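The values are calculated or read from the model by the stated rules, or taken from the named source; none is laboratory data. As the structure is a prediction and not an experimental result, all values here were calculated from the model. Here the Cβ positions follow ideal geometry from the backbone for every residue, glycine too, while neighbour counts run over all protein chains shown. Side chains are part of the model used for accessible areas, which takes the heavy atoms of the whole protein and leaves out ligands, DNA and RNA. Shrake-Rupley method; radii C 1.70, N 1.55, O 1.52, S 1.80 Å.
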Amino acid sequence: MLSPYRVLDLTNHRGLLCGQMLGDLGADVIQVEPPGGSPARRIGPFLDDVPHPDRSLAWWAQTRNKRSVTLALDNAEGRVLFRRLVASAHFLIESDDPGTMAARGLGPETLLPENPHLVYVSITPFGQSGPKAAFADSDLILLAAGGPLLLMGDADRPPVRLPVPQAYLHAGAEAAVGAMIAHHERQRSGRGQHVDVSAQQAVALATQSYILCAAVGAPQVLRIAGGIRHGGFTLRFVFPARDGHVAVAFLFGSAIGPFARRLMEWVHDEGFCDAATRDKDWIRYGELLLSGVEPLAEFERVKACIEACTRIRTKAELLALALARGLLIAPVSTLDEVLASPQLAARDYWQWLEYPELGRTFPHPGPFARFGASPIRYRRRPPTVGEHNAEIIGGELGLDVDDLGRRGIV
């Protein structure tokens with residue numbers, strides 16, 4: 001899909017996923033790192049708990065289908081070499097603080113006139129301009145500023161952070177979408193543009209529109225462990241199983257109400273509710289709760305019926321029942337269960353990549369999408385530091401890589 005196109009990826013941990021997604025789509029992605037390697041390589045965990053820039057699992061997770069060169073962009077000669085690479089590039093992705101690239105003479109206001117076809121993507125915490133553009137950032141800060149943190153944790157305690165950072169994964173994915181939209185326009189007009197991605201805006205989309213409640217006068221949504229509190233009643237999404245927990249979408253309305261109906265038919269067949277409970281109006285049930293026609297105590301009783309039914313079966317049994325009866329039930333899986341998932345195995349989800357420098361192969365999560373005409377292929381394992389200096393800087397630019405290395409340029 002993008003095989004004729006080249007991407008220069010200067011991102012650190014803030015934007016690595018964007019370049020990987022473009023690489024998965026077939027682009028030739030060159031990760032441009034400072035001499036010694038990107039700071040993102042120092043983020044753990046590490047293979048076999050051995051810290052090393054080429055053994056970071058966080059790096060591996062976001063850098064397949066890329067090549068790597070090292071280049072000192074804070075050095076004048078390094079910037080000259082980089083501009084030679086820009087001349088033939090189609091995309092550039094960077095994630096430095098606002099103004100950093102401009103101070104190097106490598107901002108969009110400089111590079112776009114030199115290469116009018118370039119799609120220049122910037123990923124920052126709060127965008128290139130505005131009152132928060134220079135604010136400090138972290139995953140916790142961005143999830144709070146964007147809204148999702150409001151819904152994470154117990155009702156009677158402060159919100160809690162997610163164990164694995166998420167904000168810049170959202171930003172990277174949105175940046176890839178923005179780059180493709182700009183590319184689509186370039187196909188029509190022949191001109192590139194600057195794509196400005198705010199991580200705060202990206203994670204705001206993860207609130208599933210709840211961030212808009214106050215603005216549109218809708219009932220406020222509050223956090224509660226395993227669900228949310230909405231308009232005075234609690235929607236519960238996690239129920240116990242005999243060997244763990246399952247997620248159950250017990251919701252109402254024209255789209256999901258029929259699933260609630262089938263769920264309660266199963267609960268009735270198992271002997272955990274009566275026919276009157278089974279036959280409630282699950283399409284309008286949310287309206288009945290909000291209006292007070294249906295007492296909240298009755299809703300709590302219904303959820304207790306569902307819990308009594310799920311807790312006597314294993315996660316695997318509940319998943320099989322969900323598939324057989326068309327129910328919205330899914331296991332809350334451990335990491336070991338994800339790796340051993342029969343469904344993922346049946347879909348050939350895991351992709352094994354060889355690491356010749358280690359003499360080992362490792363599984364990587366499968367493609368983010370399946371395309372019939374041009375399927376995503378994992379062509380390269382994550383690159384080692386400067387692995388392709390000789391190939392690109394030496395071969396393409398015709399320069400002496402050893403001399404540049406001695407002088408700290410690569």
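Under the Kirkwood approximation applied to all pairs of distinct alpha-carbon atoms, what is the hydrodynamic radius of the stretch 1-92 in Å? Intermediate values should be presented prior to the final figure.
Numbers: mean 1/r = 0.0735 Å⁻¹.
Value: 13.6 Å, from the Cα pair sum.
Beyond 15 Å, how much of the Cα-Cα pair distribution for the stretch 58-125 remains, as a whole percent? Tail fraction, whole percent: 58.
In terms of solvent-accessible area of protein heavy atoms at a 1.4 angstrom probe, what is the ranking of ASP24, ASP269, highest value first? Please list the in-between numbers first.
Working: ASP24 5, ASP269 95 Å².
Order by accessible area, largest first: ASP269, ASP24.
For the chain, the longest principal axis of the alpha carbon atoms and the long axis of helix 296-310 meet at an angle near 70°.
At a threshold of 8 angstrom on Cα-Cα distance, excluding pairs fewer than six apart, so keeping six or more, what relative contact order does the stretch 258-391 reach in percent?
Working: 91 pairs, mean separation 20.5, N = 134.
Dividing the mean separation by the residue count of the stretch 258-391 yields 15 percent.
Could you tell me whether the stretch 358-410 comes out rounded, prolate or oblate from its Cα gyration tensor? Rule is a ≥ b ≥ c as square roots of the eigenvalues, rounded for a/c under 1.5, then prolate if a/b exceeds b/c, otherwise oblate. Prolate, since a/c reaches 1.5 and a/b exceeds b/c. For the set PHE82, PHE237, solvent exposure ranked by accessible area (probe 1.4 Å, protein chains only) runs largest to smallest as PHE237, PHE82.
Helix content alone sets the calculated 222 nm mean residue ellipticity of the chain: runs of n ≥ 4 DSSP H residues at -39500 (n - 2.57) each, divided across all residues, give -9500 deg cm²/dmol. For SER341 and ASP274, the difference between the fully extended length at 0.36 nm per residue and the C-alpha to C-alpha distance is 20.6 nm.
Where does the chain land on Rg/Rh, using Cα atoms and the Kirkwood Rh? Please report the intermediate quantities before stating the final value.
Values: Rg = 25.4 Å, Rh = 24.3 Å.
Taking Rh as the inverse mean 1/r over Cα pairs, Rg/Rh reads 1.04.
Cβ distances below 4.7 Å define possible disulfide partners, and in the chain the cysteines left without one are CYS18, CYS213, CYS309. Normalised by 2.2 N^0.38 Å, where N is the number of residues, the alpha-carbon radius of gyration of the stretch 75-161 equals 1.49. In the context of the full protein assembly, THR277 retains an accessible surface of approximately 0 Å², using a probe radius of 1.4 Å and ignoring ligands and nucleic acids.
Please identify every one of the trypsin sites (Lys or Arg not before Pro) in the stretch 116-201 that sits in a loop by DSSP and has no more than 16 other beta carbons within 10 Å of its own beta carbon.
On the way: sites: LYS132, ARG161, ARG186, ARG188, ARG191; in loops: LYS132, ARG161, ARG191.
When the trypsin sites (Lys or Arg not before Pro) of the stretch 116-201 are filtered for loop state and at most 16 Cβ neighbours within 10 Å, LYS132, ARG161, ARG191 remain.
Roughly speaking, to the nearest percent, how much of the chain's 1.4 Å accessible area is carbon and sulfur?
Values: 11200 of 19710 Å².
Roughly 57 percent, rounded to a whole number.
Could you tell me which of rounded, prolate or oblate describes the stretch 195-329, using a ≥ b ≥ c as the square roots of the eigenvalues of the alpha-carbon gyration tensor, with rounded for a/c under 1.5 and, failing that, prolate when a/b is larger than b/c and oblate otherwise?
Since a/c reaches 1.5 but b/c is at least a/b, the shape of the stretch 195-329 is classed as oblate.
Whole angstrom only: what separates the Cα centroid of the stretch 396-410 from the Cα centroid of the stretch 296-337? Centre-to-centre (Cα) distance: 61 Å. If you take the square roots of the eigenvalues of the alpha-carbon gyration tensor of the stretch 250-298 and sort them as a ≥ b ≥ c, do you get rounded (a/c under 1.5), prolate (a/b over b/c) or oblate? Cα axes put the stretch 250-298 in the oblate bin. Using alpha carbons only, the radius of gyration of the stretch 253-410 set against its Kirkwood radius gives Rg/Rh = 1.29. Within the listed set ARG325, ARG14, ARG83, the Gaussian network model of the chain (springs between alpha-carbon atoms below 10 Å) gives the highest mean-square fluctuation for ARG325.
Considering only C-alpha atoms, what is the centroid distance from the stretch 40-73 to the stretch 101-167, in Å? Their Cα centres are 21 Å away from one another.
On a per residue basis, the stretch 182-328 carries 51 Å² of accessible surface, using protein heavy atoms and a 1.4 Å probe. If eta is 1.567 mPa s and T is 4 °C, what Stokes-Einstein diffusion coefficient results for the stretch 147-206, Kirkwood Rh from Cα pairs, in µm²/s? The Stokes-Einstein estimate is 96 µm²/s. Mean projection of the Cα convex hull over all viewing directions, computed for the stretch 139-253: 10.6 nm². At q = 0.10, 0.18, 0.20, 0.21 Å⁻¹, what is the base-10 log of I(q)/I(0) for the stretch 3-152 according to the Debye formula with one equal point scatterer per Cα and no solvent? Please give it to two decimals. So the normalised log intensities are -0.38, -1.16, -1.34, -1.40.
Express the relative contact order of the chain as a whole percentage, based on alpha carbon pairs under 8 Å and six or more residues apart in sequence. Present the calculation step by step, with values, prior to reporting the outcome.
On the way: 701 pairs, mean separation 74.1, N = 410.
Normalised by residue count, the contact order of the chain is 18 percent.
Using the Cβ of ALA102 as centre and a radius below 11 Å, the other residues enclosed give a net charge of -3, where K and R count +1 and D and E count -1.
Given +1 at the Cβ of Lys and Arg, -1 at the Cβ of Asp and Glu and no other charges, the dipole of the chain around its Cα centre is 460 debye to the nearest 20.
How about the stretch 312-384: which chymotrypsin sites (Phe, Trp or Tyr not before Pro) there lie in a loop by DSSP and see at most 15 other Cβ atoms within 10 Å? Working shown, then result.
Details: sites: TYR349, TRP350, TRP352, PHE368, PHE371, TYR378; in loops: TYR349, TRP350, PHE368, PHE371, TYR378.
Of the chymotrypsin sites (Phe, Trp or Tyr not before Pro), the ones in loops of the stretch 312-384 whose Cβ has at most 15 other Cβ atoms within 10 Å are TYR349, TRP350, PHE368, PHE371, TYR378.
The value of relative contact order for the stretch 19-111, using C-alpha pairs under 8 Å at least six residues apart, is 26 percent.
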